[in-house]
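Read the structure below first, then the notes.
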Amino acid sequence: MHITLNTPTFNFNAAPPALASAFIAALLRGSEQDEPAPVAAQAIAGRPQIGEYWQGQGGVYGGDFRAGDGSIYGLIVATEEDVGRARWAPDGERGLSDWDGLANTQRLRNECPAAKLATEYTRDEHSDFYLPARRELLLGAANLHDTFGKESWYWTSTPYSESYAWAVDFEDGLVLSLHRFGEFRVRPFRRFIY
């Protein structure tokens, strides 16, 4: 079967007939209502909307995060745009996580000024804040973009190489590896398990 819609061309010769039929049905469905969200994505009683302050949790609810190990946890983001500026430093390759900012920060807090600054933050009697990993900060960029400052980069706890670490710019949405000795903003995160 071969279908041409304006410019795009879809060739289903190698596709199983059931897959081709499902794709065509989805194209023709048009403006029908979406199916309900899976149970894991539905609202949990007492949880605020993304972007709202969560009373007693120390910050704004940033959304649910699916970790690299498959676990799901909620992210709380400090209400302030930042808690200061710091260097990432020092140089040296580290086998740190792209998604687990808590584990990264636990390893970095004694030698990385940005991680130390994040761990010193407390709110609503919570003192378990950390410097978010790259993927955690990207969830913040997606869900809470307007709550971050636009004048400077924000550090993540994820190194890129021996002399560079990942940082996010909320003005242009850029994610780049920057030299670890740059002084950039720190926004503490914390997590909770359902």
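Tally up the residues in segment 161-194 that are in contact with a Gly (Cβ under 6 Å, 6 or more places away or on another chain) and among the hydroxyl-bearing types (Ser, Thr, Tyr), please.
Total satisfying the criteria: 0.
Keeping to segment 25-68, report how many residues are in a loop (DSSP other than H, G, I, E, B), within 20 Å of residue 134 (Cβ to Cβ) and modelled with pLDDT of 90 or more.
Total meeting the criteria: 2.
Within segment 87-108, identify whether any single residue is surrounded by fewer than 19 Cβ atoms within 10 Å (Cβ to Cβ), under 18 Å from residue 184 (Cβ atoms) and among the aliphatic types (A, V, I, L, M), and answer yes or no.
Yes, segment 87-108 contains a residue that is surrounded by fewer than 19 Cβ atoms within 10 Å (Cβ to Cβ), under 18 Å from residue 184 (Cβ atoms) and among the aliphatic types (A, V, I, L, M).
If the requirement is being of a type in the set (Ser, Thr, Tyr), over 20 Å from residue 72 (Cα atoms) and within 17 Å of the chain's Cα centre (by Cα), which of these qualifies: 154, 130, 121?
Answer to the selection: 154.
Could you give every pair whose Cβ atoms fall below 9 Å, whose first residue belongs to segment 100-112 and is of a type in the set (S, T, N, Q), and whose second residue is assigned to a helix (DSSP H, G or I), counting only separations of at least 6 or pairs across chains?
104/115; 105/115; 105/116; 105/118; 105/119; 106/115; 106/119; 110/116
Could you check, for segment 116-129, whether at least one of its residues is open to solvent by less than 20 Å² (accessible area, probe 1.4 Å) and under 20 Å from residue 64 (Cβ atoms)?
Yes; the residues of segment 116-129 include at least one that is open to solvent by less than 20 Å² (accessible area, probe 1.4 Å) and under 20 Å from residue 64 (Cβ atoms).
Scan segment 82-99 and tell me whether some residue there is part of a helix (DSSP H, G or I) and small (Gly, Ala, Ser).
no
Would you tally the residues in segment 139-194 being in a loop (DSSP other than H, G, I, E, B), open to solvent by 10 Å² or more (accessible area, probe 1.4 Å), closer than 25 Å to residue 52 by Cβ and in contact (Cβ under 8 Å) with a residue 40 or more places away in the chain?
1
The values are calculated or read from the model by the stated rules, or taken from the named source; none is laboratory data. Nothing here was measured: the structure is a model prediction, and the numbers come from that model. FYI the Cβ positions are ideal-geometry reconstructions off the backbone, even for glycines, and counts take in every protein chain you see. Just so you know, the surface numbers come from the protein's heavy atoms only, side chains and all, with ligands and any DNA or RNA stripped out. Shrake-Rupley method; radii C 1.70, N 1.55, O 1.52, S 1.80 Å.
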